[in-house]
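This report refers to the structure that appears directly beneath it.
The values are calculated or read from the model by the stated rules, or taken from the named source; none is laboratory data. Predicted, not measured: the structure shown is a model, and the values here were computed from it. Every residue, glycine as well, gets a Cβ built from its backbone with ideal geometry; the counts of neighbours run over all protein chains shown. Areas reflect the complete protein model, heavy atoms only, side chains present, ligands, DNA and RNA absent. Shrake-Rupley method; radii C 1.70, N 1.55, O 1.52, S 1.80 Å.
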Amino acid sequence: MTRPTDGAGALPGHRQRPDAEHDTSNEGASMADCLMCTQENADDSSVVFRDDLWAAEVVAGYDVPGWLILRVRRHAERITGLDHAELATFAQRAQDVVAAVTEVTGAPATYLMVFGEAYPHFHVLIAPRGEQVPAELRAGNILNLRRDHADPAAAAALVPDLRAAFHRRVHAAPHPA
């Protein structure tokens, strides 16, 4: 398994997937119009990790504090568009990011949501649900927090702690290959 790096850098000996290498064979919209593809050019301050296959970042429009997008780095639509390597590493990356978010936010629940209608590029929203979130905004209704609780500065302020928690988890114990 590829070890993640801080920010946008690739590990020594590993090829980073730049935007030009995105697979367009299953592309529905142009990659220039794909919000998830444009994250390849996002400022490093929004990046929790990037490895050859996956990235976790704070994404504008989903910048509620603690929320992250875990996305495949090449343009692959829906889970059915993932290749073998992406499928083989997805669960571990999701588990590591959810654990980091839960550690940093102290949330009693952390949601992992996949829709793929607005942005078919495969990605998941990882959203911690704090104790203060009222019952009517829990489960799928947590998406309503986007409207009134987005706080780009507070979301960005959590990135260093999220990055550190993620890297502690990844480097603490060996992951299965």
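A compact table of results
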item	result
Table column - 3J(HN,Hα) (Hz), the stretch 75-91, Karplus curve with 6.51, -1.76, 1.60, x for Gly and Pro	6, 10, 8, 6, 5, 5, x, 6, 8, 4, 5, 5, 4, 5, 10, 4, 4
Global geometry of the stretch 28-101, whether rounded, prolate or oblate, following the gyration tensor of its Cα atoms and the 1.5 cut on a/c	oblate
Interchain or long-range residues, amide H under 5 Å from Val48's placed H	Ala56, Glu57, Val58
Integer Hz, Karplus 6.51/-1.76/1.60 couplings in order for the stretch 108-113, x for Gly and Pro	x, 9, 10, 8, 10, 10
Residue-by-residue Karplus 3J(HN,Hα) for the stretch 49-65, coefficients 6.51, -1.76, 1.60, Hz, glycine and proline x	7, 9, 10, 4, 10, 10, 9, 10, 8, 7, 10, 3, x, 10, 9, 6, x
Charge tally in the Cβ shell below 9 Å around Ala109, where Lys, Arg are +1 and Asp, Glu are -1, Ala109 excluded	+2
Estimated FRET transfer efficiency when R0 is 30 angstrom, pair Leu87-His149 (beta carbons, to 0.05)	0.35
Residue-span extension gain [Ile79 to Met113] - 0.36 nm each, minus C-alpha spacing	11.0 nm
Sorted peptide list for 143-155, 76-88, 42-54, criterion being average Cβ within 10 angstrom, highest first	42-54, 76-88, 143-155
Per residue value of the accessible surface for the stretch 116-177 (all protein chains in place, 1.4 Å probe), Å²	56 Å²
Within the accessible area of the stretch 74-176 (1.4 Å probe), percent carbon and sulfur	57 percent
